[in-house]
1. State which residue pairs qualify: first residue touching a residue at least 40 places away in the same chain (Cβ under 8 Å) and closer than 19 Å to Phe232 by Cβ and inside region 308-332, second residue among the polar types (S, T, N, Q) and part of a strand (DSSP E or B) in any location, beta carbons under 7 Å apart, and separation of 6 or more residues or different chains.
2. Could you go through region 244-253 and let me know if any residue there is polar (S, T, N, Q), part of a loop (DSSP other than H, G, I, E, B) and either surrounded by fewer than 15 Cβ atoms within 10 Å (Cβ to Cβ) or over 24 Å from the mean Cα position of the chain (by Cα) (or both).
3. Which condition from (1) assigned to a helix (DSSP H, G or I); (2) farther than 14 Å from Ala343 by Cβ; (3) over 22 Å from the mean Cα position of the chain (by Cα); (4) not β-branched (Val, Ile, Thr) is the one that Ala131 breaks?
4. May I ask you to say which residue of Gln157, Gln163 is touching a residue at least 24 places away in the same chain (Cβ under 8 Å) and under 18 Å from the mean Cα position of the chain (by Cα)?
5. Just give me the residues in region 261-278 being more than 15 Å from the chain's Cα centre (by Cα), crowded, with 18+ Cβ neighbours inside 10 Å and in contact (Cβ under 8 Å) with a residue 60 or more places away in the chain, in sequence order.
6. What tally of residues in region 193-222 results from selecting those that are assigned to a strand (DSSP E or B) and in contact with a Phe, Trp or Tyr (Cβ under 6 Å, 6 or more places away or on another chain)?
7. Check region 121-131 and report whether any residue there is surrounded by fewer than 17 Cβ atoms within 10 Å (Cβ to Cβ), within 30 Å of Thr241 (Cα to Cα), in contact with a Leu (Cβ under 7 Å, 6 or more places away or on another chain) and free of Cβ contacts under 8 Å to residues at least 40 places away in the same chain.
8. Would you check which residues across region 146-177 are charged (D, E, K, R), out of contact with any Leu (no Cβ under 8 Å at 6 or more places or on another chain) and part of a loop (DSSP other than H, G, I, E, B) and list them?
Amino acid sequence: MARRRPRAVDAVLIGMLVLIVAGVVALQVHMHGSSDTAGSSAPSASPTYPQTSIGNAYPSVTASTTPTTAPTTSVAPSTPGATVAPGAGALQSSLAAQAQSLAAQQPATFRVATFNVLGDSHTGGRGDEAARPNGVVRMARSVSVLRSHDVQVVGLQEFETSQAKAFLKQMGGAWQIYPNLPGDTRDAVAWRTDAFQAVQEQTVRVPYFNGSLVTMPVVLLKDRRTGKEVYFFNVHNSADTYKYHHQQANRTSAMDREVQVIEQMRAYKIPVIFTGDLNEREPAYCFFTARAPLHAAYGGSNTGGRCNPPVFGGNTPIDWIFGTPDVTFSAPIFDHSGLVRAATDHPFYAATVTLR
């Protein structure tokens, strides 16, 4: 016959069982509440990009390097982190969020440039600049120019494959380019990786010689120090050459398209810097400052129907640096020194950018 436990022991066991059940129920309620809170603060889905008159969605994402859905940071300025709930690591996370918030309140300052480096196919015994050294030899000089002016971001034109390879080798991993190899790098944005992080990279199609459509880069970069984001759009519009005549209509069509792209980026409330060899002087300045919310790094004005293009380096340039109203330019430079002339057939232009 089995011995019965004392009734006092049974009471203790029953009490312990009740406490355990109550604890499990309370934990489930707490977890359910936490899940509801997290769900209510989840970011909304990325918006659909608007369509352009050419018919391809902006941005036309290049499948090899970017996701099919744009990250939320690509369509709105970054915001400080949310309040951290108590728990392990809460103090460290809170301090990191405060540091990020303080950094975001500081201005982002950097040097931007536009540089037509004269394509390799024009030189080294070929093309219209056959007497010049090839593009690889000249790229060492172009790199020296960029370093001498402490440039962090540059829009490059006529940046052919051999020159892109030489550039990346000489920079020793300190710079990144888009489009990257093995893509078409002729028109590219390049940046110092210690200063900027790429958030999104796309190309858009722009009319070029005889109206053919070529791809131009749009890159969204984040300043590593402050977290501020800025779009860079770099182009090269067609010139009148010995091979291609009467390209004015194609340049005008290209500028129409470029204004359209700039307006679409502006809709996301992110600063835009627009660089390029536009192969237009006064007409380009007056066109862009009238049709888009842009101002040039070199000065000038366009108000009340009176357009006064800047004269910089002795002429109104064909190589431009423009910014939207939330971009402040200072200390612009025009460099046509012996080093620049040995590197290319274009002057070099740069300016300091401040984003507040």
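1. If the second residue must be among the polar types (S, T, N, Q) and part of a strand (DSSP E or B), the pairs left are Asp319/Thr114; Asp319/Asn116; Trp320/Thr114; Trp320/Thr275; Ile321/Thr114; Ile321/Thr275.
2. Among the residues of region 244-253, at least one is polar (S, T, N, Q), part of a loop (DSSP other than H, G, I, E, B) and either surrounded by fewer than 15 Cβ atoms within 10 Å (Cβ to Cβ) or over 24 Å from the mean Cα position of the chain (by Cα) (or both), which makes the answer yes.
3. So Ala131 meets the others, but not (1).
4. Just one listed residue meets the conditions, Gln157.
5. Result: Asp277, single match.
6. Number of matching residues: 7.
7. no
8. Asp150, Glu160
The values are calculated or read from the model by the stated rules, or taken from the named source; none is laboratory data. What you see is a predicted model; the values in this text were computed from it and never measured. Reconstructed Cβ throughout: ideal geometry from the backbone, glycine too, with neighbour counts over all protein chains shown.
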